[in-house]
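Structure first, commentary second.
Derivation of every value follows stated rules applied to the coordinates shown; laboratory data play no part. All figures in this text were calculated on a predicted structure; none of them were measured in a lab. Here the Cβ positions follow ideal geometry from the backbone for every residue, glycine too, while neighbour counts run over all protein chains shown.
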Amino acid sequence: MERAVEVFVAVGFFGVGLSHVLQPLAWVEFFVWLRSQGRCAVFLEGLLSLNCGALVVAFHNVWVGLPVIVTLLGWGMVLKGTVRLAAPGLGLRVYERVSPERAWHFRAAGVFALALSALCGYLALSA
């Protein structure tokens, strides 16, 4: 089961990371649109993050070695989702910082996500 979660995380981070690198302005447009939808959009992001994180922590409870990174990523998603649902105003403040001039932030996050994807893929294949 842990290997399946590592593949799940690797694939998810790969898709999102590649998209962030190749389409940063589309991500800006997406978050500007989310901002225009108000707290409901923050709830949607929170639900997605919470549920993906819950899946990871439910099936990948590893606290030793490199695989702990996958578990920590899961708990990070759970925390992010919980904060978005409990305090949507904080999420809206994050959305307010998104602008075309800061699109490079999405590229940087994409590179980081691709690195996490490679690590999780390595963990899945080396098991």
So what is the 222 nm mean residue ellipticity for the chain from helices alone, if each DSSP H run of at least 4 adds -39500 (n - 2.57) and you divide by all residues, rounding to the nearest 500 deg cm²/dmol? -28500 deg cm²/dmol
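I need the trypsin sites (Lys or Arg not before Pro) found in segment 41-127, filtered to DSSP loop residues with at most 15 other beta carbons within 10 Å of theirs. Mind showing how you got there, number by number?
Working: sites: 80, 84, 93, 97, 102, 107; in loops: 97.
Loop-located and lightly packed - 97.
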Kirkwood Rh, segment 1-49, all Cα pairs: how many Å? 12.4
Taking the Cβ of residue 65 as the center, what net charge do the other residues with Cβ under 15 Å away carry, scoring Lys and Arg +1 and Asp and Glu -1? -1
Around residue 32, with a cut-off of 12 angstrom between Cβ atoms, what is the net charge of the other residues, counting Lys and Arg +1 and Asp and Glu -1? +1
Expressed in nanometres to one decimal, the distance between label points 7 Å along Cα→Cβ at residue 36 and residue 58 is 3.5
Have a look at segment 1-90 and give its Rg and Dmax from the Cα atoms, expressed in angstrom. 14.4, 42
